[in-house]
Amino acid sequence: MNPLSWIDDELASLERQHLRRRPPTHEGPQSVRLSIDGRELINFGSNDYLALASDPRLSRAASKAAARVGWGSGASPLVTGRAALHRQLEERLAEFEGTEAAVLFSSGFAANLGAIAALAGPGDTVYCDRKNHASLWDGCRLSRADVRVYPHNDCRRLAELLAVAGRCRRRLIVTDGLFSMDGDLAPLAELAELAERHRAMLLVDEAHATGVFGRNGRGAAEHFGVEDRVHVRVGTLSKALGGSGGFVAGRTALIEWLVNRARSYVFSTAAPAAGSAAALAALDVVRDEPQRREALLARAQALRDRLRAQGWSTGASASQIIPVIVGDPRRATALSAKLLERGLFVPAIRPPTVPDGEALLRVSLTAGHTEEMIAALLNALAQYRETETAPGRV
Ligand SMILES: *Cc1c(COP(=O)(O)O)cnc(C)c1O
């Protein structure tokens, strides 16, 4: 018997539960309009919040750089992989974040794995919000520290967990700044306060907030005015900054420690340097066009209001990430399929990405969406609600 045959059974089981997923493939650029299987769709599924992924300023910067420095990096940054462009971007990220230093990783996922496991180990305790991103969870597990999970954004429970002194060596609190599925912000002022009171390190993953929140687009920490109190600031180049790669910003000693000890940095080839040129161009846009993020957040607020007026729950969303909570995964899939028929791509998010019974449609708004596109989404959702609640429906 084929030792892999169990996988067929597992896949069939996923299929029966409506949980089997397949990555849709698009032609052409990834932007607010997406071409999938020859169909033109309006894209409400991407994290390209500032609509930079297809901005010609980024691709031009990347191709110019690639023509000059080539494509591949050839080695880990610690060997021969670090190019002048990487260094320039690291310095620029530190300046952008207002920190002493920054270090690039090949992805945000790698940044979290590497940073958490380098900062905590056996004998230490890591405190993890239940709704943290998978990469933060995996970093916690990988660290082999004692992992304490607190209910989502529940500072009172976290305070209780921290008060249990134990014999732990170091403590690390780990949280998303802006939560990726619920679109709500972490209470960073309270978390910073708790970290100070208990002499814990505080790591905030700003993946969804970088470029969107804060006066300079630095993220949730800037939004709450607690930048100096967040010791480890993780960000990604792959969402609002329209490219690919992750980074950590903070004190020089922290960054040097990660360069020496974060395994996803030490044992992984540096990303193509041309990507750093694109990220530098993206940071120029974030600096020069604050109206992009301001307009985005204003439109998100308006969309949430309209959705609630239609009777949908958008949970605790306070951002450009707007969950339309439907509960049952089958209902989520059905709704997503209905929207697709009308040319609207809105992914259904099902367990295990969200807890059981909390399936949702994740509407992610970007600076590229027009009022007409948003109106089309609202119309389609209103119609679906009417057919669902219509009398005589079986
Ligand atoms: C997307 C995401 C990451 C991973 O970043 P990538 O650059 O896509 O690997 C990390 N943390 C959070 C909260 C994210 O949403």
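Just so it is clear, none of the values below were taken in a lab; they were calculated from the coordinates. Just so it is clear, the model here is predicted, and its values are computed rather than measured. A quick note on method: Cβ atoms are made from the backbone with ideal geometry, for glycine too, and the neighbour counts reach across all protein chains shown.
In table form, for the structure just shown:
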read-out	value
All lysines inside 29 Å of Lys338 as judged from Cα atoms, apart from same-chain residues fewer than 8 positions distant	Lys131, Lys239
Cα-centred dipole magnitude for the chain, charges only on beta-carbon of K, R (+1) and D, E (-1), debye, nearest 20	400 debye
Förster radius 22 Å - calculated FRET efficiency between Asn260 and Glu196 (Cβ-Cβ, nearest 0.05)	0.25
Tyr49, Tyr150 arranged by Cβ crowding within 10 Å, fewest neighbours leading	Tyr150, Tyr49
DSSP-loop trypsin sites (Lys or Arg not before Pro) across the stretch 19-55, with at most 11 other Cβ within 10 angstrom	Arg21
Rounded to 10°, Cα long-axis angle of helix 371-389 versus longest principal axis of the chain	60 degrees
Two-site label geometry, Glu95 and Arg330: point separation in nm, points 7 Å out along Cα→Cβ	5.7 nm
Cut-off 14 Å between beta-carbons: net charge of the residues surrounding Arg39, Lys and Arg +1, Asp and Glu -1	-2
Equivalent ellipsoid dimensions for the chain as semi-axes, Å, which come from the Cα gyration tensor, largest first	33, 27, 22
Virtual paramagnetic centre 7 Å along Cα→Cβ of Glu372, amide N under 18 Å, in the stretch 34-58	34-35, 40-44
Computed lengthening from Val69 to Ala134, 0.36 nm per intervening residue step minus Cα-Cα distance	20.0 nm
For the chain, calculated [θ]222 nm from helices alone, where every DSSP H run of n ≥ 4 adds -39500 (n - 2.57)	-13000 deg cm²/dmol
Label point distance in nm, Trp6-Ser76, each placed 7 Å from Cα along Cα→Cβ	3.3 nm
Pairwise FRET efficiency - Phe267 versus Arg170, Cβ, R0 = 25 Å, nearest 0.05	0.60
Helix axis angle, 56-69 relative to the chain longest principal axis, alpha carbon, degrees	40 degrees
Contour excess over end-to-end distance, with Cα ends at Leu19 and Ile36 and 0.36 nm allotted per residue	4.0 nm
Residue exposure sequence - Trp257, Trp137, Trp71, Trp312 - by fewest surrounding Cβ within 10 Å	Trp71, Trp257, Trp137, Trp312
Estimated FRET transfer efficiency when R0 is 30 angstrom, pair Asp356-Glu388 (beta carbons, to 0.05)	0.90
Relative packing of 375-382, 243-250, which averages over residues the other C-beta atoms within 10 Å, highest first	243-250, 375-382
Folded to 0 to 90 degrees: helix 273-288 orientation relative to the chain principal axis, Cα	70 degrees
Loop-resident sites, the stretch 244-291, for trypsin sites (Lys or Arg not before Pro), counting at most 13 other Cβ within 10 Å (DSSP)	Arg251
Debye, to nearest 20: dipole size of the stretch 178-265, +1 on Lys, Arg Cβ, -1 on Asp, Glu Cβ	340 debye
Simple Cβ-charge dipole of the stretch 218-330, Lys/Arg +1 and Asp/Glu -1, about Cα centre, in debye nearest 20	300 debye
Spin-label pair Ala253/Asn379, simplified geometry with 7 Å Cα→Cβ offset, distance in nm	6.1 nm
Order of Val149, Val354, Val363 under a 10 Å beta carbon neighbour criterion, fewest first	Val149, Val354, Val363
Kirkwood-based shape ratio for the stretch 56-288, expressed as Rg/Rh from alpha carbons	0.98
